[in-house]
Amino acid sequence: MNFFNSASAQSVWRGYYCFKENKVLHYEKVDDKTFYGVVQDSEGKEYDVTIDISKPKRSTCACAHAEGTRKICKHKCALYFAVFPEKADEFMRMVENAQEESERRREELDIAVRKYIYGLNKQQLRDELMWLVYNSGEWVFDKFVRDNIER
């Protein structure tokens, strides 16, 4: 099981930054699947963290977010990245690829929207504009009035 399948995106991101800021003070291998470490938070408080890479939900941390729960907190993620730094690199590559894909998709949609709009006749444009002005958020109507009516 991938360790991060059990973690929230926020915990993974915050754990990544803890790792990059050298907040994992030390760690040691307990056995083939378990690692213990001490991770510092942004205020300097230190937490005892144990991660079980075969069963992430069995991992433990003494922080308020995760203590006594099965949550994967930022401290657990930071320790995981410290033990497996190649996973931190893999995580960043995955994020960069997702951003590139999102930007590519946005560019494709921009082209498609422009093509659609330029293909409309005058009446279709009026209909679309009326629908947008009256069916979008109140701020759209207000901006339209400010920019075009109350000049």
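Please treat every number below as a calculation from the coordinates, not as lab data. Keep in mind the model is a prediction, meaning the values are calculated, not measured. So basically every Cβ, Gly included, is an ideal-geometry build from the backbone, and we count neighbours across all protein chains shown.
General observations
- Shape class of the stretch 105-148 from the alpha-carbon gyration tensor: oblate, with a/c at 1.5 or above and b/c at least as large as a/b.
- Phi-derived couplings, Karplus 6.51 cos²θ - 1.76 cosθ + 1.60 at θ = phi - 60°, listed residue by residue for the stretch 46-61: 9, 10, 7, 10, 10, 10, 10, 6, 7, 9, x, 5, 8, 5, 10, 8 Hz, with x used for Gly and Pro.
- GNM flexibility winner over the chain from S42, S102, S136 (Cα, springs under 10 Å): S136
- Using θ = phi - 60° and Karplus 6.51 cos²θ - 1.76 cosθ + 1.60, couplings along the stretch 28-44 (whole Hz; Gly, Pro as x): 8, 7, 8, 8, 4, 10, 10, 9, 10, x, 10, 10, 9, 8, 5, 9, x
- Antiparallel %, DSSP beta bridges [both residues in the stretch 4-95], to 5: 95 percent
- Charged neighbours of W139, selected by a Cβ distance under 13 Å, balance to -1 (K, R count +1; D, E count -1).
- Taking a sphere under 11 Å around the Cβ of V12 and counting the other residues whose Cβ falls inside, with K and R at +1 and D and E at -1, yields a net charge of +4.
- Charge tally around S54: other residues with Cβ under 13 Å, Lys/Arg +1 each, Asp/Glu -1 each, net +1.
- Listed residues F141, F19, F91, most fluctuating in the chain (Gaussian network, C-alpha, under 10 Å): F141
- Listed residues V113, V133, V38, most fluctuating in the chain (Gaussian network, C-alpha, under 10 Å): V133
- Overall, the anisotropy analysis places the stretch 3-83 in the rounded class: the square-rooted eigenvalues a ≥ b ≥ c of its C-alpha gyration tensor yield a/c less than 1.5.
- Computed over all pairs of different Cα atoms, the Kirkwood value for the hydrodynamic radius of the chain is 19.0 Å.
- Residues listed by number, the stretch 46-80, amide nitrogen under 19 Å from E21 label point at 7 Å toward C-beta: 46-49, 62-66, 73-80
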